[in-house]
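Read through the structure below, which is laid out as structure tokens, and then see the notes.
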Amino acid sequence: MDAPLKTRDLVKTFGGIRALDGVSIDVYNEKITLIIGPNGSGKTTLINVITGFYHPERGEVKFNGSNITGLPPFKIFEKGIVRTFQIPHLFKSLTVLENMLVASRNNPGEKLRKALFKNSWRRAEEHLVEKALRILELLNLDHLWDKPACTLSGGQMKLLEIGRALMADPLMVLMDEPIAGVNPRLANEIFEHLLSLRKELNLTFLIVEHRLDIALPYADYVYAMDRGKIISKGSPSEVLEDKIVARAYLGG
Amino acid sequence: MIDIIRLLVDIIAFYAIYLLLSISLNVEYGYAGIPNFGKALFFAAGGFVVGSLTSRLLAPLAGIDLHQVNFKIYNVLIATKVSQYLSGNILLALTAFIAMIILGAIMGGLLGVVASYPAIRLREDYLAITLLAAGELARIIARNYDPLICGTLGVSVPDPFAWLPGIQRSIVQAGIMMSIAVMVWLLVERIARSPFGRLLRAIREDERAAEVYGKNVASIRMRALLIGSSIAGLAGAIYAFYVGSVHADDYTPIRTFIVWVMVVLGGAGNNAGAALGSLVYVLSDRIIMQVKYYITVPFDINYLSYMAFGTLLILVLMYRPKGILPEKPSLTIDFSKVISRLREEAEASPEGSGG
Ligand SMILES: Nc1ncnc2c1ncn2[C@@H]1O[C@H](COP(=O)(O)OP(=O)(O)O)[C@@H](O)[C@H]1O
Ligand SMILES: [Mg+2]
């Protein structure tokens, strides 16, 4: 199988803690790859290392054949990788629509030297509004387009994070606990959305989740982490039946 | 008797200066969230450019050989001579005025980049402290390094409006100052209502999310500081021409704080707010300056303005924490119009087959 994103032997320590202790994963094209593991096992750290927020002490991150280890986050974005955060990081006082618009790629009016000349960006801006509206409709957020993001409910914030990610035309989306703190019905809805998006837009997902029960059925491939290490990998059922995984979850 | 015209001219001139300063801080703090506590530095940059260069550059034209005279001792005389010379050459006078304020803006912008460079990537509070320190550093250097603006004595600035008689001169000067300020306000408002302005606000709200979406936060912040500092430099140059002299001690941190109060009072992130905040300050300050001769208070009367403004700030923060005119979404284009048009189009082709 084709794996556009590969990590090899990543090590990241915080003081004495080895948050990542030799992590190698492959994220397969147009699949949903899931990383599970108990709290503190290093899942968020892995996403932070891949997206350039942390520098690993050792190891390599490769995307479509090129080495992207240690690039700053905004360069990682240019490669086509977008991430979401465990706690939504919305532009709080900006409206839902503005949040979407900021996420778009190559908006000419964001260049200072073009900003003064409305004619140079008006068209692009209108197109982006149209695109944003389509995505918001998909996520049932379109009626909220002019509300400040901070007035949304927790679930709507999660959806907006997803919408914002889609706005950027990514090749790959990394999501840190997209359903944390969301009720099971909405959680399933979110995953249904992701499934259909994957099909429609040929997206690749790497999803970190703590709650296996809901996430597992949607996954194509699963890695289980514990204390900075990959302790198991395979299809959802393989990983679920792995005794080491059960032990890690029950705390051993 | 209060000379009403003089008072009015004075209010307009000072309003122009403070309007420039408050929109400059509004770009940095209101939109981009950069706590620039070094506003006085960039204001001073413009003033120092005008103070140190105008006389020196024009003296040879006025027939003064700078090698023959001690600039520090005779700077007032030199400035007077240059003014006289300019009064006979309107074109040169105006060219000098415009060239010097542009130079002031460039110097302000340059300093903005240099002073913030070490700290632009650090946390905001470090940047704030760095800028505050840089401002004091510049003032202390200017105070003690005589060749710049004649140290503690200060330097006289030639008058580029000397060709006009009496009050007319002040009216024209204040009018030009106000026109410049309004033009800059309009430019900044245009920037604020562009995707770039929205980007500044997004970075202010969540720097990490902005990075995720490919924004080079450090370099965009730098641009905001460049805009803000150039405007402050411009204000400093205009101010120096208006008051006719440049003294290092005129650029203390208190000036920075006054501008902060204007922006917070008027409404950060709203250019109309910055305009209102500075208007409230200038009006109350200038009026208190006038009435203070007629009233007695049991403390130093010069503090009355600060006290009044401080009280006002506390009241506004208590009852309108986002300022008198709070921030609004910046409508780059008419979103409602575009969206209702899109929805109508979708209605018209029900199956959504278009596209
Ligand atoms: N910025 C940090 N500073 C210090 N320790 C950290 C930091 N980030 C994560 N850690 C530590 O690294 C380990 C893994 O954390 P994390 O990646 O957040 O786990 P998970 O997302 O799986 O819950 C934990 O022990 C955590 O305390
Ligand atoms: Mg986590």
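The values are calculated or read from the model by the stated rules, or taken from the named source; none is laboratory data. Computed from a predicted model, the values in this text were never measured in an experiment. In this analysis, Cβ positions are derived from the backbone assuming ideal geometry, glycine residues included, and neighbour counts consider all displayed protein chains. Remember, those area values only see protein heavy atoms, side chains included, never the ligands or the DNA or RNA. Shrake-Rupley method; radii C 1.70, N 1.55, O 1.52, S 1.80 Å.
Quick notes on this one:
- Segment A:2-50, subset within 14 Å of another protein chain (Cβ to nearest Cβ) and under 16 Å from A:His210 (Cα atoms), residue nearest to ligand 2 (Cβ to nearest atom): A:Thr44
- Taken together, B:Leu132, B:Leu137, B:Leu127, B:Leu226 contain a single residue that is assigned to a helix (DSSP H, G or I), within 27 Å of B:Ala248 (Cα to Cα) and within 9 Å of another protein chain (Cβ to nearest Cβ), which is B:Leu226.
- Candidates A:Asn202, A:Asn188 - the one that is open to solvent by 40 Å² or more (accessible area, probe 1.4 Å), at pLDDT 90 or above and out of contact with any His (no Cβ under 8 Å at 6 or more places or on another chain): A:Asn188
Listed here are the residues, each with its yes/no results for (1) surrounded by 17 or more Cβ atoms within 10 Å (Cβ to Cβ); (2) at pLDDT 95 or above; (3) basic (Lys, Arg).
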| residue | (1), (2), (3) |
| --- | --- |
| A:Ser24 | no, yes, no |
| A:Pro38 | no, no, no |
| A:Thr45 | yes, yes, no |
| A:Glu60 | no, yes, no |
| A:Thr69 | yes, yes, no |
| A:Phe85 | yes, no, no |
| A:Leu90 | yes, yes, no |
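- Here B:Leu200 does not qualify as open to solvent by 20 Å² or more (accessible area, probe 1.4 Å), within 29 Å of B:Pro35 (Cα to Cα), within 14 Å of chain A (Cβ to nearest Cβ) and under 20 Å from the mean Cα position of the chain (by Cα).
- Here B:Val261, B:Val316 are screened, and the one residue that is more than 14 Å from every other protein chain (Cβ to nearest Cβ), in a helix (DSSP H, G or I), open to solvent by less than 40 Å² (accessible area, probe 1.4 Å) and at pLDDT below 90 is B:Val316.
- The one condition in (1) within 16 Å of the chain's Cα centre (by Cα); (2) within 14 Å of chain A (Cβ to nearest Cβ); (3) surrounded by fewer than 21 Cβ atoms within 10 Å (Cβ to Cβ) that B:Ala218 fails to fulfil: (1)
- Set side by side, the residues A:Asn99, A:Asn106, A:Asn140 differ, and just one is surrounded by fewer than 20 Cβ atoms within 10 Å (Cβ to Cβ), in contact with a Leu (Cβ under 9 Å, 6 or more places away or on another chain) and more than 7 Å from every other protein chain (Cβ to nearest Cβ), which is A:Asn140.
- Criterion violated by A:Tyr54 - all others in (1) open to solvent by 10 Å² or more (accessible area, probe 1.4 Å); (2) in contact (Cβ under 8 Å) with a residue 40 or more places away in the chain; (3) away from ligand 1 (no atom under 16 Å from the Cβ) satisfied: (3)
- The criterion of at least 3 residues that are away from ligand 1 (no atom under 16 Å from the Cβ) and in contact with a Gly (Cβ under 9 Å, 6 or more places away or on another chain) is met, among helices (runs of 4 or more DSSP H) falling completely within segment A:76-188, by A:96-102, A:122-138, A:154-167.
- Just one residue in the set A:Gly70, A:Gly40 is part of a loop (DSSP other than H, G, I, E, B) and within 12 Å of ligand 1 (Cβ to nearest atom); that residue is A:Gly40.
- Among (1) among the charged types (D, E, K, R); (2) open to solvent by 20 Å² or more (accessible area, probe 1.4 Å); (3) modelled with pLDDT of 95 or more - the single one B:Asp250 does not satisfy: (3)
Residue-by-condition table, conditions (1) among the basic types (Lys, Arg); (2) without any contact (Cβ under 8 Å) to a residue 40 or more places away in the chain; (3) under 30 Å from B:Thr256 (Cβ atoms); (4) in contact with a strand residue (DSSP E or B) (Cβ under 7 Å, 6 or more places away or on another chain):
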{"position": "B:Val69", "(1), (2), (3), (4)": "no, yes, no, no"}
{"position": "B:Ile78", "(1), (2), (3), (4)": "no, no, no, no"}
{"position": "B:Val82", "(1), (2), (3), (4)": "no, no, no, no"}
{"position": "B:Leu91", "(1), (2), (3), (4)": "no, yes, no, no"}
{"position": "B:Phe97", "(1), (2), (3), (4)": "no, no, yes, no"}
{"position": "B:Leu103", "(1), (2), (3), (4)": "no, no, yes, no"}
{"position": "B:Met107", "(1), (2), (3), (4)": "no, no, yes, no"}
{"position": "B:Val114", "(1), (2), (3), (4)": "no, yes, yes, no"}
{"position": "B:Asp125", "(1), (2), (3), (4)": "no, no, yes, no"}
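- Checked against the criteria, A:Val61 does not count as within 16 Å of ligand 2 (Cβ to nearest atom) and not in a loop (DSSP other than H, G, I, E, B).
- Filtered residues of segment B:252-307 (kept if basic (Lys, Arg) and more than 22 Å from the chain's Cα centre (by Cα)): B:Lys292
- Failed condition for B:Met178, given (1) over 23 Å from B:Leu8 (Cα atoms); (2) more than 14 Å from every other protein chain (Cβ to nearest Cβ); (3) under 22 Å from the mean Cα position of the chain (by Cα): (1)
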